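Report on the structure given below.
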Amino acid sequence: MTWRLLAKALGEKASDCDRESDRVALIRLLILASYLITNCFIIAGVLRHWGSEGTQHAPIRDLKRTGDSCSTHATTMHEVDEVAIKLVGGHAGQFG
């Protein structure tokens, strides 16, 4: 009785043949289970990194913390190149 209710909850009966309908319901159940497992991993990752202070996604902020004289908002391509050069530790001749 439990399988019948679960199969009905997953959607309408796929065919008049019970065996084929059961297979379709099993496939739907596997798809649903994969969605649930994926969402659990996403939520676990978010909770694990919730409130992390050390992000490396803002290189200009990192330069500012180290005492560099870069502004937080580069307005010209020249300023963007200077920030990129400082990030990679290179020289001005490498760009443009």
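The values are calculated or read from the model by the stated rules, or taken from the named source; none is laboratory data. None of the values given here were measured: they were computed from a predicted structure. SASA here: full protein model, heavy atoms, side chains in, ligands and nucleic acids out. Shrake-Rupley method; radii C 1.70, N 1.55, O 1.52, S 1.80 Å.
Miscellaneous remarks
- Within the range 21-66, tally of residues that are over 27 Å from the mean Cα position of the chain (by Cα), open to solvent by 100 Å² or more (accessible area, probe 1.4 Å) and modelled with pLDDT of 85 or more: 1
- Lone qualifier among ALA14, ALA74 - being assigned to a loop (DSSP other than H, G, I, E, B), at pLDDT below 75 and open to solvent by less than 80 Å² (accessible area, probe 1.4 Å): ALA74
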